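Worksheet: the structure to be examined is printed underneath.
Coordinate-derived values only; no laboratory data. Remember, it's a predicted structure, so these values are computed and weren't measured experimentally. No Cβ is skipped: glycine too gets one built from the backbone with ideal geometry, and neighbour counts run over all protein chains shown.
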Amino acid sequence: MEFQYDLGGGSSAIVKKYQVAATNTTIGRPYLKGATDGTGLVVATVSGAVDFVGVNIDTAGTYVTAQQSDNSDTARLQSTIINPLAVYRARLAGGAANEALSIRTVTTASTDGLTVTTSAYDSNIPDMNEGTVWGYSGANAGKVRKITSTAANAATVIVAFPYDIAVGDTFLFAGIHPLHTITAQFGTDMTNIDATVAIAGDATVITVEMILNDLAGSGTTESYALIQFADSLLGATVT
Amino acid sequence: MEILIRNQYSARQIKRAEIKSTEFRPSRYTSGCANLDDMVALSKAVILCEQHARKFSPQKARYRAHPDKKMRRVLGNCDVCRRFELSHLFLNEKDADEERKKLEKFNRAVEYGNLFRG
């Protein structure tokens, strides 16, 4: 994930170098307060971001604790953006390993534009209720709606899609939604959001807005969520 | 009468002597410049104030300004003088390349995508 803007209105990122407590070779990971008796910041977990500190913009390299034979410095500092109100962009992935989003094909038409029926996909397992569905191809391509209920093979919206949903149309799903949804799940490399995970009651990440693409915009690999970490060690905390 | 002494010291001996003579005084070996050299050697992100950014040659160090315009100027401590102010951010070429690719992909997504706020 990368710095996008600051909700406080300032446009500048604040960058500080901190010791980290583990080897890291990946840029754009969320970091948390160090553990008791720990040696430095620790990377967030896939579903935990309590006491968030910031996102790294360079890598710490190999973590060492023992004195080095060449007397080189054992400290492993990492430049970290620490704005407590920073909003970061994170790509929506179709799984924990940064896969593309899966395309779901409509198998039953909906003449009122309220139900996306997909016989090969159960939107209730994991449950996408309260998440987001948008048209990938067909008449509703690029149109986005909040999912208000789910069942085996079907997702329902209250605000209708503008066109009838036809057999063969395709849609994309994400288990998050701006503001209304307050949880996100990261992929295992901690740089993207796993959009296939059901919404849970974690409340440490807020989706501020989403950038969602259809087929023409390579939506399966180029859709994003702009997120803010609500449980910041340096700012407001919710837990 | 002038006495000419032939210089028979190697570059390494001269460097060692310079370090020794300036051990407890600021010099190019003991000042913030050394910190900057360490940062560059470790391919770390480098933050430089206006004054020190002018003296830094990114091309020579194989560095680049951050590809994202928002990140070219950040609030941080200069890696030479340690002053905290609005400063320039440089990344090593490899990281800068990676960030540029991510940025281009995102810019494309924004241009064609639906900015959705519910």
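Restricting A:Val116, A:Val53 to those that are farther than 26 Å from B:Ser87 by Cα and outside any loop (DSSP other than H, G, I, E, B) reduces the list to A:Val116.
The number of residues in the stretch A:56-85 that are in contact with a Leu (Cβ under 8 Å, 6 or more places away or on another chain) and either among the hydroxyl-bearing types (Ser, Thr, Tyr) or outside any loop (DSSP other than H, G, I, E, B) (or both) comes to 3. Of all residues in the stretch A:24-44, those being surrounded by 14 or more Cβ atoms within 10 Å (Cβ to Cβ), more than 13 Å from chain B (Cβ to nearest Cβ) and more than 23 Å from B:Lys70 (Cα to Cα) number 9.
The residue of the stretch B:78-103 that is nearest to A:Arg29 (Cα to Cα), among those that are within 13 Å of the chain's Cα centre (by Cα) and of a type in the set (D, E, K, R), is B:Glu93. Of the residues making up the stretch B:73-97, those that are crowded, with 21+ Cβ neighbours inside 10 Å and either more than 9 Å from every other protein chain (Cβ to nearest Cβ) or among the aromatic types (Phe, Trp, Tyr) (or both) are B:Cys78, B:Val80, B:His88, B:Phe90.
When A:Arg76 is tested against (1) charged (D, E, K, R); (2) buried (at least 19 other Cβ atoms within 10 Å of the Cβ); (3) within 22 Å of the chain's Cα centre (by Cα), only condition (3) is not met.
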